[in-house]
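Data first, discussion second: the structure below is written as structure tokens.
All of the numbers you see were taken from the coordinates with simple rules; none came from a lab. All values reported here derive from a predicted model rather than from experimental measurement. Virtual Cβ from ideal backbone geometry, glycine too; neighbours counted across all protein chains shown.
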Amino acid sequence: MRAGEMRHRVQVYRPSPTKDEYGEAQYELWGKNVYCVAKAKDASEMVLGSEYSAATFVDFKIRYSRSIELEYQDMIILFRGKEFQITGVRNIDFRDRELMVAGVHFANQQRLGLQGQT
């Protein structure tokens, strides 16, 4: 992979061991300015009763990181002011050079409280 392909920058957050006053997980910055290739895969809209929900699916290709490959549960990617929950990680060709990280963004859902900060 050429470095020029990775023109997008994202921030990766992982859950910290501390909880907030409501008992919900706090997040800490794991990687600032992680370079990646971002490709939109799909988008969908759903109506459940009176609730409206929209989801956007994006694949992020990043340089290999063992900690993301093994501990991606509950990690969040902040990309262009939107929070993407990491749903899966693939080690491309098992070469330990690149990871394909699948992320999903749900409209009207915010976990970090950092929306708009990139």
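Taking only Cα atoms and a 10 Å spring cutoff, compute GNM fluctuations for the chain and point out the largest among GLN11, GLN26, GLN85. The residue with the greatest mean-square fluctuation here is GLN26. Build a GNM of the chain with springs between Cα atoms under 10 Å apart, and of MET75, MET46, MET100 the one that fluctuates most is MET46. Sorted largest first, the spans of the alpha carbon positions of the chain along the three principal axes are 45, 34, 25 Å.
In percent, rounded to a whole number, the relative contact order of the chain is 24, using alpha-carbon pairs under 8 Å and six or more apart. In the chain, helical runs assigned H by DSSP with n ≥ 4 each contribute -39500 (n - 2.57); averaged across all residues and rounded to the nearest 500, the mean residue ellipticity at 222 nm is -1000 deg cm²/dmol. Taking trypsin sites (Lys or Arg not before Pro) across the range 32-86, the ones in a DSSP loop with at most 16 further Cβ atoms lying within 10 angstrom of their Cβ are ARG80.
Under 29 Å between alpha carbons, and skipping anything fewer than 8 positions from LYS39 in its own chain: which lysines qualify? Here the lysines satisfying the reach criterion relative to LYS39 are LYS61, LYS82. Taking 7 Å steps out from each Cα toward its Cβ at ALA25 and ASP74 produces label points 0.4 nm apart.
For the options GLY31, GLY23, GLY88, a Gaussian network treatment of the chain with springs between C-alpha atoms closer than 10 Å singles out GLY23 as fluctuating the most.
In loop segments of the range 20-118 as defined by DSSP, the chymotrypsin sites (Phe, Trp or Tyr not before Pro) with at most 12 further C-beta atoms inside 10 Å of their C-beta are TYR22. Longest span of the chain, sites excluded, free of GluC sites (Glu not before Pro) in DSSP loop with at most 15 other C-beta atoms within 10 Å? Answer - 72-118.
Here the label points at LYS41 and ALA55, each 7 Å from Cα along the C-beta direction, are separated by 1.1 nm in the simple model.
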